[in-house]
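Inspection log for the structure reproduced underneath, given as structure tokens.
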Amino acid sequence: MSEPALVPIPMEDLVSLCKRRGFIFPASEIYGGINGFWDYGPLGIELKNNIRDAWWNDMVRCPPIGPDGEPLSIVGLDSSIIQNPRVWEASGHVAGFNDPMVDCRESRARYRYDHLYVLQHKTKSELPLFAFLEGDPDYVAKKLKKQGRGAKLEEFDTLALADVDDSLRPRVIGPDAKEPGTLTEPRQFNLMFKTYVGAIQDEDSAAFLRPETAQGIFLNYKNVLDTSRVKIPFGIAQIGKAFRNEVTPRNYIFRSREFEQMEMEWFCAPEDARKWYEFWCNARKEWWKSIGLTEGNLKMRSHDQDELAHYAKEGAGTFDIEYRFPFTAPGYGELEGVAHRGNFDLTQHQTHSKTKLEYFEPETKARFVPHVIEPAAGLSRGVLAILSEAFTPDSDRPSGVYMKFHPRIAPIKAAIFPLVKKDGMPETAQKLYMDLRKKFPTQFDVKQTIGKRYARMDEAGTPFCFAIDDVTMKDQTVTVRHRDTPRVDVPERISLDKVARYVTDHIS
Ligand code: ATP
């Protein structure tokens, strides 16, 4: 695997560009924000929709070719966010969708137990153990400076809080604490948002906002089977919002309380499940690469046995497709999970709803509850991975940075600039713009110097800019500026009537 020469980009620079250019804003900002919620601005929504549409196209409209050379069969679905609360009992979420949490008695902060690590000095046993949240290297450095009595980071071992011997727990200093021994034992905490359906608010009217889109698919498995002509193996795909009352939302949009998922449940015969599991692990990783993530920033990680979600125990396991986010580098964070769910979900719903969810195989006359392989990707996390990958510092440009989006998902595909506001240039440019805007997102900009206009498009990640200049007025050609390889010395020129074709060819 090729390792890119990657110096992690400073997260604050990415966040500031996203704010300045209108990709992402904090939700309710004028009221001081609300932790764990984000709004997508004009460029952000285009980027998110483009990633969403690419997934929908490549999974539902034109799914991959299977191992036997035939195209796969996958259909779409859009199910309700609120379902009968019994769904979440059957799915195991009411009992199992808990993260063990640790509270700090001193700072009142609450942390996910499996996200806490400690630094333990290799030799000086008199030093306390410093707890920190995974993916927070700056924090570790600051902490040691304050409380580490001159010890250097390399003199410490890092271990998960869960692995710290009970006798040493009283010596652990919490991430936001000054005194040792203020962290509580881990406790369970249900992550589902609760609401009430109808006028009366009591336990009978309680319902939950879905914590994942997957269950809506299982609930409609029989409807789809009875109404469309799918035969096993086939998939049902859904994109939509999911809500989790995360205790520690952090790292920008990486862990938020409202986010979007792109999930597909692949129903297959039990004996074929292993083959499909391997197929989907590979296909999903390749898909992320096809929209611009680089091999060296991606990692496949198999879940350890004790980490497996409640459903995966029966099946063969879960693979995480991980991405090297700026705040996890040199480590990685989960972008998508590909889970072998066995027949857990359908069997649970069959038992709880008393509705038969078996599949009847007409040729062999066999009846069985299908096994399921689930590639579950985060759309919001995908946006963050794509933004991180695209962010390319370049001190030779006025903007100092450009966003190197794959043209297929770039929010704006082309920009049209008349060099000056006279000599018929704005009119010619306007005419070209009126044609292009019907075909793909295009911007027309006459304001300020052409250098400033290029800088704006660099930060928006627009792959092509076309300038209308005095030569255009003579020979009907325009200059093409490529975002990644701008050449001012020998500008490429193409004819005005070829511009639309040129962009279409380069963005597909
Ligand atoms: P994590 O361990 O990071 O909490 P998970 O294993 O619980 O994630 P899944 O239930 O497998 O996540 O959900 C599938 C995908 O949904 C994840 O790979 C991730 O991309 C996305 N996702 C999950 N939780 C969040 C969240 N709080 N904010 C944004 N995306 C999320």
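A compact table of results
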read-out	value
Positions within region 58-106 being touching a Pro at 6+ places or on another chain (Cβ under 8 Å) and among the charged types (D, E, K, R), in sequence order	58
Test: residue in region 467-480 that is farther than 24 Å from residue 422 by Cβ, in contact with a strand residue (DSSP E or B) (Cβ under 6 Å, 6 or more places away or on another chain) and open to solvent by less than 20 Å² (accessible area, probe 1.4 Å)	no
Flag for residue 291 being within 10 Å of the ligand (Cβ to nearest atom), at pLDDT 95 or above, closer than 20 Å to residue 326 by Cα and buried (at least 16 other Cβ atoms within 10 Å of the Cβ)	no
Scan of region 404-422 for residues that are of a type in the set (A, V, I, L, M, F, W, C) and more than 31 Å from the chain's Cα centre (by Cα), ordered by number	416, 417, 419, 420
Answer from 347, 355 - the residue that is more than 28 Å from residue 258 (Cα to Cα), assigned to a loop (DSSP other than H, G, I, E, B) and either in contact with a strand residue (DSSP E or B) (Cβ under 9 Å, 6 or more places away or on another chain) or not charged (D, E, K, R) (or both)	355
Qualifying residue in region 410-427 (condition: of a type outside the set (Val, Ile, Thr), within 16 Å of the ligand (Cβ to nearest atom) and farther than 30 Å from residue 85 by Cβ)	no
Qualifying residue in region 429-436 (condition: touching a residue at least 24 places away in the same chain (Cβ under 8 Å) and basic (Lys, Arg))	no
Within region 63-96, tally of residues that are open to solvent by less than 40 Å² (accessible area, probe 1.4 Å), more than 18 Å from residue 209 (Cα to Cα) and of a type outside the set (Val, Ile, Thr)	5
Hits in region 247-264 - residues which are of a type in the set (Asp, Glu) and either touching a Ser or Thr at 6+ places or on another chain (Cβ under 6 Å) or more than 10 Å from the ligand (Cβ to nearest atom) (or both)	260, 263
Qualifying residue in region 395-417 (condition: small (Gly, Ala, Ser), crowded, with 18+ Cβ neighbours inside 10 Å and modelled with pLDDT under 95)	yes
Residues (within 16 Å of residue 425 (Cβ to Cβ) and open to solvent by less than 40 Å² (accessible area, probe 1.4 Å)) located in region 437-449	445
Test: residue 182 is of a type in the set (Ser, Thr, Tyr) and over 30 Å from residue 349 (Cα atoms)	yes
Residues satisfying the stated conditions in region 379-393, i.e. over 16 Å from the mean Cα position of the chain (by Cα) and open to solvent by 40 Å² or more (accessible area, probe 1.4 Å)	393
Residues located in region 206-257, provided they are of a type in the set (D, E, K, R) and under 21 Å from the mean Cα position of the chain (by Cα)	210, 212, 241, 244, 246, 250, 255, 257
Total residues in region 249-280, condition among the polar types (S, T, N, Q) and assigned to a loop (DSSP other than H, G, I, E, B)	2
Members of region 232-248 that are touching a Phe, Trp or Tyr at 6+ places or on another chain (Cβ under 9 Å), outside any strand (DSSP E or B) and either within 15 Å of residue 192 (Cβ to Cβ) or not hydrophobic (A, V, I, L, M, F, W, C) (or both)	233, 244, 245, 247, 248
Selection within region 263-278 - more than 21 Å from residue 380 (Cβ to Cβ) and buried (at least 19 other Cβ atoms within 10 Å of the Cβ)	266, 267, 268, 273, 276, 277
Near pairs, Cβ below 9 angstrom, 6+ apart or cross-chain, from region 382-410 (at positive phi) to any residue that is open to solvent by 10 Å² or more (accessible area, probe 1.4 Å) and in a strand (DSSP E or B)	400/393
Condition check for residue 60: buried (at least 16 other Cβ atoms within 10 Å of the Cβ) and touching a Gly at 6+ places or on another chain (Cβ under 6 Å)	yes
Filter result for residue 431 (of a type in the set (D, E, K, R), farther than 30 Å from residue 339 by Cβ and either in contact with a Phe, Trp or Tyr (Cβ under 6 Å, 6 or more places away or on another chain) or part of a loop (DSSP other than H, G, I, E, B) (or both))	no
Residue check, residue 376 within 14 Å of the ligand (Cβ to nearest atom) and open to solvent by less than 10 Å² (accessible area, probe 1.4 Å)	no
Which listed residue is free of Cβ contacts under 8 Å to residues at least 24 places away in the same chain and either polar (S, T, N, Q) or away from the ligand (no atom under 16 Å from the Cβ) (or both), from 66, 41	41
Residues being more than 16 Å from the ligand (Cβ to nearest atom), over 26 Å from residue 268 (Cα atoms), open to solvent by 40 Å² or more (accessible area, probe 1.4 Å) and not aliphatic (A, V, I, L, M) - total across region 196-246	6
Output for region 481-508, where each listed residue is over 29 Å from residue 395 (Cβ atoms) and open to solvent by 80 Å² or more (accessible area, probe 1.4 Å)	497, 498, 501, 505, 508
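The values are calculated or read from the model by the stated rules, or taken from the named source; none is laboratory data. Please read these numbers as outputs of a predicted model, since none were measured by experiment. No Cβ is skipped: glycine too gets one built from the backbone with ideal geometry, and neighbour counts run over all protein chains shown. Surface areas here come from the heavy atoms of the whole protein model, side chains and all, with no ligands, DNA or RNA. Shrake-Rupley method; radii C 1.70, N 1.55, O 1.52, S 1.80 Å.
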